[in-house]
Every structure is written in C-alpha cells, then in structure tokens.
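The values are calculated or read from the model by the stated rules, or taken from the named source; none is laboratory data. Bear in mind that the values here come from a model prediction, so they are computed numbers and not experimental data. Heads up, the Cβs are rebuilt from the backbone with ideal geometry, glycines too, and the neighbour counts pull from every protein chain shown. Side chains are part of the model used for accessible areas, which takes the heavy atoms of the whole protein and leaves out ligands, DNA and RNA. Shrake-Rupley method; radii C 1.70, N 1.55, O 1.52, S 1.80 Å.
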Amino acid sequence: MSNFILIFVYLLLGLALQRVKWIPTTTYKVLNKIAVNFCLPALALFYIPKIHWSNELLYPIGAAWIGFGASFLFFYFLGKQLGWSKKLTGCLILTAGLSNTSFLGFPIISAIYGPEGMKTAIMIDQPGSFVVLSTLGVLVAAMYSKGETNAGLILKKVLFFPPFLTFVLACVMNVLNFDFIAIVQEGMHSVGSLITPLALISVGLQLSFDSRSAHWRFLGLGLFFKLILMPAIFYVGYILILGQQSMMIDVVIMETAMAPMITGCILASTYGLKPKLSSMMIGFGIPLSFLTLACWYLLLQISH
C-alpha cells in the first residue's frame, strides 16, 4: 500500500514544483539524466549478477520480449499508415511496450499471489523487462531520436549508453558467478532505489492537463495497447492456444497488464521522444491501470 501512496506523492510533488518560479523548466531533464545514467546502471549491477537461469522460466522471461516486439510491430505499421513522425512512433513503442513490473507490479503480485507469485514476477522484471529496456529499448530510442538513420551512429549511441555498458558488465559477472562485496551491493541498491522518486517527480514536472493538447488521442491509443491489447495477446497465446493454466501464467498476464514502465518513459523523454506524451502515459496510465487490472484479475478467476 505504501508504494501506491508514494506514487501519487511523488507525482503531486512534481506538479507542485511546476509552480515554483525559481525552479528551471528544464529541471526534469537533469532528473532524467541522473535516473538513466546513474540509477539504472546501479540496478543492473545489483540484480543481474544474482539471476539464475532456467528453461522453465521461458514463459515469464519471454513475456517482456514478446510484448515489446508486439508494440514495435503495432506502432511501426500504424505510424507508417498514418504518417506519424519518428519521434511519436518511437515514443509509443517505448512507453506502451514496457510494463511497470517492479515498483507497481511487485506489491500487487505480492498481495494477490504471495511469495510464490513473486518468484515469477522477479523473473519477468529482471531478465525480462529490465534487459529489454537496456537493449532493445535503448536501440529503439536511438533509432527514433532526431530522425537518426545512420546505422553507425545508432550503434555508437547504444554501445556507449551507460545502462547498456553496465548491463554487459553485469552479464559477464553473472557468467563468472561474481558479485560485489556486501557494502558495494548496498551502495548500488541505494543509488538504484532513487530511480522511482526521481522519475515520478520528473513526470510530475512535465505533466499537463491541456484539454486542447494533440496528445490525447495518442495517449488513448497507447494506453489501449498497454492495458488491454498487450495482456490480451498473452491471454490468447498462453491460455487459449497453448493451454497453459497456472499461477505462473496468471502472474505473467497480470504483469503485462501493468501501467507503462516508468524508466521506459524516462528513456523516451531523455531521447526527446515526445516528453509530454511520455509523462502522460505514466501520469494517466497508473491510476487507470488499477481499474483494468481488476478486470483482468476477474477474467483469470473465471477462466479457472
């Protein structure tokens, strides 16, 4: 419950800071850079060396990869058909393609499914959502920012992006079965834990309620995909087609139905992919997701 309260506290704090005249309007950019360049790498170095891989975890781990791929295909072809700008397409791919599987997902899964459900949730989040963000997410952000088309420059952006560098290092540590000493791990965890308040305050600083904004229809489309269409893909694929029915599959569907990932939206904003729309995806997606999650939970109970 405290996580839910903190979400709105940080968002409201960001909204309140909009009215403080001596705070620069570009403050959110500074917060974004801290979150992406320091907090995200710290999380990679803390969590990834501890992951234990297993073939039976392909369903939860694959969910993030399949979901992001579906988002890419959906918005890529839709953007082509409707003549969207690259920044708009990239923004929707990133913000609708990644789920808030940890800060929002963990407390909800823990409350509903207990410790057993959390084992699946962690697999969805770390080798799933987190790794997708650090690889495909960075690649999409680089491809769609500033109309960049040069493959060499895109590759350079990805390879020298701090979260990607630390992701590679963390993977090497995992393979070598190496981890930092306890005091360094504590430091990494402390730095990484700052990502949520920084990201949500940044969102609050950018969030606006302009009824004439051109972003509303894109917001509706993005949230429709994220909250309705994405979990529906896994409901049909995992349950109706493959016939898988278990707590693990229920957790997968609930996690894919979560609101957009905060860090994914910050990544989109950092690369200049429609920062206002990115913030709206979080600001409106989180409260709306409480309603859609309840519907998905009821559907899963009926399916049993």
Report summary line: Restricting the range 138-153 to residues that are closer than 19 Å to SER85 by Cβ and either in contact with an Asp or Glu (Cβ under 6 Å, 6 or more places away or on another chain) or modelled with pLDDT of 75 or more (or both), the one surrounded by the most Cβ atoms within 10 Å (Cβ to Cβ) turns out to be VAL140
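Any residue in the range 83-91 that is among the hydrophobic types (A, V, I, L, M, F, W, C) and closer than 26 Å to TYR297 by Cα? Working first, answer last.
In the first step, residues of the range 83-91 are kept if they are among the hydrophobic types (A, V, I, L, M, F, W, C); the result is 84, 88, 91.
Those left that are additionally closer than 26 Å to TYR297 by Cα: none.
The answer is no; no qualifying residue exists.
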Report summary line: Log entry, pairs with first residue in the range 103-131 being at negative phi and acidic (Asp, Glu), second being open to solvent by 40 Å² or more (accessible area, probe 1.4 Å) and outside any loop (DSSP other than H, G, I, E, B), beta carbons closer than 9 Å, six or more apart or on different chains, reads GLU116/MET247; GLU116/MET248; ASP125/TYR47; ASP125/PHE106
Requested in this report: Read through the list (1) closer than 26 Å to PHE38 by Cβ; (2) crowded, with 24+ Cβ neighbours inside 10 Å, then give the number of the only condition that LEU92 fails.
Outcome: (1)
Report summary line: Across (1) touching an Asp or Glu at 6+ places or on another chain (Cβ under 6 Å); (2) modelled with pLDDT under 90, LEU300 clears everything bar (2)
Requested in this report: State which residue pairs qualify: first residue touching a residue at least 24 places away in the same chain (Cβ under 8 Å) and closer than 23 Å to THR263 by Cα and inside the range 157-186, second residue among the small types (Gly, Ala, Ser) and in a helix (DSSP H, G or I) in any location, beta carbons under 7 Å apart, and separation of 6 or more residues or different chains.
Outcome: PRO163/ALA44; PRO163/SER134; PHE164/SER134; THR166/ALA44; PHE167/ALA44; PHE167/SER134; ALA170/ALA44
Requested in this report: Take the range 269-304 and flag every residue that is open to solvent by 20 Å² or more (accessible area, probe 1.4 Å), in contact with a Phe, Trp or Tyr (Cβ under 9 Å, 6 or more places away or on another chain), under 30 Å from ASN37 (Cβ atoms) and not in a loop (DSSP other than H, G, I, E, B).
Outcome: PRO275, PRO287
Query raised in the report: Among the residues of the range 44-66 satisfying the criterion of being closer than 20 Å to PHE164 by Cα and open to solvent by less than 30 Å² (accessible area, probe 1.4 Å), which is nearest to the chain's Cα centre (by Cα)?
Result: ALA64
Report summary line: Selection from the range 171-203 of residues farther than 13 Å from LEU45 by Cα and open to solvent by less than 40 Å² (accessible area, probe 1.4 Å) yields ILE195, THR196, PRO197, LEU198, ALA199, LEU200, ILE201, SER202, VAL203
Query - Boolean, LEU227 is at pLDDT 90 or above, surrounded by 24 or more Cβ atoms within 10 Å (Cβ to Cβ) and either under 17 Å from the mean Cα position of the chain (by Cα) or farther than 21 Å from PHE8 by Cβ (or both) - result: yes
